[in-house]
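Data first, discussion second: the structure below is written as structure tokens.
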């Protein structure tokens, strides 16, 4: 099969196995060039196949030589359809880990379900006995509650009133106004049910009750705060309410884990080109401007650099947190000089000057890179077998 990108809105429906392997290997190579750090040794990553979850797995495996168990819900190749990017990423990670002599095992299925939690617990007992770090990096548009059977769907909407601001069509470069109607109370509740902290708490309680959490275990989940520009549709919107619930859950889990000398943490991460952020109105334009400013100032970081800094310089270096107890690896994004310049560009940017005022080309490149396209050294004209095993 000759695989080319097929982009529909904020998603690409195809993925390239060799390109995804190149993307994973680039992250592995970068970590291996860094100084190894004394970190976790047996790691569970829930949501391990893309974005920050994948980078967490790579950073701990190749930076701290940790054994890793990943949980995700990805699609293998079938007939004339490619596998999902997350499937190819995970296959490439397994190969890289094996080549380096590191343990790696993955479980593919609905992480919200009790069945996958039970399967994960069985795998830990069989291979690892206990884990000393649990990374919760799950992002999904839907969730079926394992106890009630109720299904929830998340929405990306403001709360309380219609939100109007700029957006960009990444492919065409057209900057236009967007108006988003506010969410209903039910939509907000559903978004919290999908993306809040309830499932994280269920994971930690299930692992604890099964006796597979090591003494001194740590768990971390990821959130985003961002600037005023994005607050109405993010921090003050439905997804922000879900993140607030996630952050509150961290406090509950921190107290719960004290009996095991454990801790629960929140890391506030930088805005990045991810499959999740691509779906949020306003963020692609903001990220394009942010990248330009941060690159010019020499303070830009990508996913793997962020996660390596979190584990090597913050979580396992006993670094200080903010007043809420969060690790702030968004500190460079939120620098006053960076945000001042981004805000000024936001006021000026339009269709005519988008290419000069922003780094929209890097956004496009990174977006396609999420699906394995655009990497040097990969021949996209070759007929390749889309089937890859974990």
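Readers should treat all values here as calculations from the given coordinates under stated rules, not as data from a laboratory. These numbers come from a predicted model, not from an experiment. Virtual Cβ from ideal backbone geometry, glycine too; neighbours counted across all protein chains shown.
For the reader, a short list of remarks on this structure follows.
- Projected area averaged over orientations for the stretch 62-116, convex hull of C-alpha atoms, nm²: 4.7
- As a proxy for reagent exposure, 52, 326 were ordered by neighbouring Cβ count within 10 angstrom, fewest first; the result is 326, 52.
- In terms of other Cβ atoms within 10 Å, 20, 303 run from fewest to most in the order 303, 20.
- Among beta bridges that DSSP assigns inside the chain, antiparallel share in %, nearest 5: 30
- Counting 0.36 nm for each residue step from residue 320 to residue 147 and taking away their Cα separation leaves a gain of 58.5 nm.
- Chain lengthening between residue 32 and residue 215 when straightened (0.36 nm per residue, less Cα-Cα): 63.0 nm
- Of 102, 190, the sequence from fewest to most neighbouring Cβ atoms within 10 angstrom is 102, 190.
- The shape of the stretch 236-390 can be summarised by an equivalent ellipsoid whose semi-axes, obtained from the alpha carbon gyration tensor, come to 31, 24, 15 Å from longest to shortest.
- Over the C-alpha atoms of the stretch 3-143, the Rg to Rh ratio, Rh being the Kirkwood estimate, stands at 0.97.
- Every helix of 4 or more DSSP H residues in the chain counts as -39500 (n - 2.57), and over all residues that averages to -12000 deg cm²/dmol at 222 nm.
- Theoretical gain in end-to-end length, residue 244 to residue 78 [0.36 nm per residue, Cα-Cα removed]: 55.9 nm
- Reciprocal of mean inverse Cα separation for the chain (Kirkwood radius, Å): 21.4
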